[in-house]
Amino acid sequence: MSAVQSALATLPISFPDPANVKIVDGSSGWPADVRRALDSGATAVVVLHPRPTEFADLLAAAAPVIVDSRWASNPVIDSAAPAFRAAESSRVECRVIVEPGSDFASALLDELMLIRALLGPVHQATVRYLSDHALYAEGSTDDGLAVDFSVVCTSAVPASATVRLLTSDGSVELTIPSGDTAQPARLITVGPDGAVLAPTLYETGHRAALRRLHGTAPADRLTDLRDLYDDVQVVLAAFRNNPRRRHEPDRVSTDSIDLTEGTQP
Amino acid sequence: MQSTLGVGFVGSGPVTQAIHLPTLARLTDDFTVRHVNDIDATLAGTVAARVGAAHSTSLAALLDDPLVDVVAVCSPHAFHAEHVIAACRAGKKAVLCEKPLAMSADEGAAIAAVSVDTGVPVLVGAMHTFDLGWRAATANWGDLPAASHTIRSSIVLPPNARFEDLATEVLARPAFPTVDVSDVQVRANMVHAGVMGLAIHDLPLIRSLLPRHDDLRVISASFVTPFGYRILMVVGGKVVELHAAMSQTWQPSWVLDAYADDLVLHTEFTPSYVHAGSAVSTLTTAESARVFGPSASNGYEAEWLELAAIVRGEDAPPDLDGVVDDLRFAVAVADAAADAVRAAVKAEAAA
């Protein structure tokens, strides 16, 4: 939360009255907090790292609601998406490192939002493996691109997301750092003539999300929520269909997924 | 008596030409190539002439050559067991067999029995297991074998020729077979071949991180075009991802990662065929990172030097039980992955 507030302070011209922007932590119960913010007259709401939960009643919100996603909000997305979409492949890897004890459903949601931003939505995901330490899932985009998702827990290295797409003669690889600082993402495109590192952008995802909020046209003000809603449905379905995939000696936990909160679609 | 160990090669294809001959050219204090054998007489003769060695088309001729102390088995995989056993029976001082040691656990056990019976040490030329950058990491990784929970091997490679041609001037490169990958059996076979030909480099390393492997279960496996695989499996209580893709890219990437909650091992290997020093391993905790390598000596040199030390009695012979267990693990992974490819198609059809 404070990170978004700090980012808001770096956009004094865009947001001369920052008090009008309500920032909602995406932990359990966030839809109710968003509703309260809207009811209290907020001119805009930023949902920070939302966990998967039902929130269909918010899709008719009267004010802009922007999702500050852990990876998809990084400013590199604007240059990375064209690079990924221009590359021809049948498979893409999306790997994230998170702290031990992290919520896997949220991590998968963050990955879905990242792939959506880069390549398009994934409408179905299948959890192949889930333990206390890792998650592996598979899905595909509308174009038939297979997506291999993984979430691995460790505190030894900083959290990060890596998306790699291998082509017939090269690759596109994006690594996004944790977002705690303005450390830039690295986008490297490899082709027959060599490798190109895209210009680095020392801006946090929080600030990029706020810039997007400022520049969002009225017609697009709920696009984030609609996309989030669709991705949440994919996560919830993936975990419902595979609620207790047990692999000794690990204990599978889906306790963190709230399958009851909010309005069922 | 020779001052160096005489080496005889069974098979004189690109592995012999681009890997072992350039390596032995740097190890002339220890080795002299004495004999090159191949079913292609012209190829055997031409390669042999490069190093001033004798040549032949029959295994018996090579084994009868008194100047051959050490036999390097670089024949097609299917012949490894037969050729290793024959070399042991011939009473040579040692055998270096290119990976895989054989194509079945039974063959591996037979090789081990013959090695024990004859006293001829057998090394498997799995260069990553000898790599100084890897070995330094293993010596410093503490409880990583017990604590690691997730392992990932990813191999991205250009066609072999890209590296072979920079290591030597290759003669008679075998053509990559044209296959119909719309046939599930072909895809299953390709995944099997990928494990035994590519994943085989790192499976012994992965096994060293596992408390056991008799509980192996492949969750999913698929063929990656134009050649490669992606295999997800659970073994020894850990999840292991194996990935490989060969394409026309110029940029190789060969990494092995092992994750524990508080420690991560990341090893970057050089591609096969190149002579560019050792791997670089990094052991990272939240507080610091320790880097091992690169060393100027690569895994190919290390395996040959270890073989020389064994023959001289300076090092103990390899642990054959471990070598055979490496093979048993690799074959189990290959078989289970191929089965998973076939099963996935059946499941799709049933759905």
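The values are calculated or read from the model by the stated rules, or taken from the named source; none is laboratory data. Bear in mind the structure is a predicted one, so any value in this text is a computation, not a measurement. Glycine gets a Cβ as well: all are built from the backbone with ideal geometry, and neighbour counts include every protein chain shown. We work out accessible area using only protein heavy atoms, side chains counted, and drop any ligands, DNA or RNA first. Shrake-Rupley method; radii C 1.70, N 1.55, O 1.52, S 1.80 Å.
What the table below lists for this structure:
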{"item": "Selected residue (criterion: nearest to B:HIS266 (Cα to Cα)) from residues of segment B:209-249 that are at the interface with chain A (Cβ under 7 Å from one of its Cβ atoms) and not in a strand (DSSP E or B)", "result": "B:GLY237"}
{"item": "Flag if B:ALA286 is assigned to a loop (DSSP other than H, G, I, E, B), within 14 Å of chain A (Cβ to nearest Cβ), out of contact with any Gly (no Cβ under 6 Å at 6 or more places or on another chain) and open to solvent by 20 Å² or more (accessible area, probe 1.4 Å)", "result": "yes"}
{"item": "Given (1) at the interface with chain B (Cβ under 8 Å from one of its Cβ atoms); (2) open to solvent by less than 10 Å² (accessible area, probe 1.4 Å), number of the condition A:ILE115 does not satisfy", "result": "(1)"}
{"item": "Residues located in segment A:86-108, provided they are within 17 Å of A:THR162 (Cβ to Cβ) and touching a Pro at 6+ places or on another chain (Cβ under 9 Å)", "result": "A:ILE97, A:LEU108"}
{"item": "Per-region count, segment A:157-188, residues surrounded by 22 or more Cβ atoms within 10 Å (Cβ to Cβ) and either free of Cβ contacts under 8 Å to residues at least 40 places away in the same chain or more than 26 Å from B:LEU283 (Cβ to Cβ) (or both)", "result": "6"}
{"item": "B:ALA309, sole failed condition from (1) free of Cβ contacts under 8 Å to residues at least 12 places away in the same chain; (2) open to solvent by 70 Å² or more (accessible area, probe 1.4 Å)", "result": "(2)"}
{"item": "Count - residues of segment B:261-270 that are farther than 11 Å from B:MET127 by Cβ and in a loop (DSSP other than H, G, I, E, B)", "result": "3"}
{"item": "Residues (closer than 18 Å to A:HIS206 by Cβ, in contact with a helix residue (DSSP H, G or I) (Cβ under 9 Å, 6 or more places away or on another chain) and either open to solvent by 10 Å² or more (accessible area, probe 1.4 Å) or of a type in the set (Gly, Ala, Ser) (or both)) located in segment A:28-42", "result": "A:ALA42"}
{"item": "Pick from segment A:203-237, criterion among the small types (Gly, Ala, Ser) and assigned to a helix (DSSP H, G or I), ranking: surrounded by the most Cβ atoms within 10 Å (Cβ to Cβ)", "result": "A:GLY205"}
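Yes/no matrix, rows are residues, columns are (1) farther than 16 Å from A:ARG212 by Cα; (2) within 16 Å of the chain's Cα centre (by Cα); (3) not charged (D, E, K, R):
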{"residue": "A:ALA7", "(1), (2), (3)": "no, no, yes"}
{"residue": "A:VAL24", "(1), (2), (3)": "yes, yes, yes"}
{"residue": "A:SER27", "(1), (2), (3)": "yes, yes, yes"}
{"residue": "A:SER40", "(1), (2), (3)": "yes, no, yes"}
{"residue": "A:PRO50", "(1), (2), (3)": "yes, yes, yes"}
{"residue": "A:GLU54", "(1), (2), (3)": "yes, no, no"}
{"residue": "A:ASP103", "(1), (2), (3)": "yes, yes, no"}
{"residue": "A:GLU111", "(1), (2), (3)": "yes, yes, no"}
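To keep it simple, each residue is scored yes or no on (1) surrounded by 22 or more Cβ atoms within 10 Å (Cβ to Cβ); (2) assigned by TED's automatic domain parsing to the domain that holds B:GLN185; (3) more than 17 Å from the chain's Cα centre (by Cα); (4) free of Cβ contacts under 8 Å to residues at least 24 places away in the same chain.
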| site | (1), (2), (3), (4) |
| --- | --- |
| B:ALA221 | yes, yes, yes, no |
| B:THR225 | no, yes, yes, no |
| B:MET233 | yes, yes, yes, no |
| B:LEU242 | yes, yes, no, no |
| B:TRP250 | no, yes, yes, no |
| B:VAL255 | no, yes, no, no |
| B:ASP262 | no, yes, yes, no |
| B:PHE269 | yes, yes, no, no |
| B:VAL291 | no, yes, yes, yes |
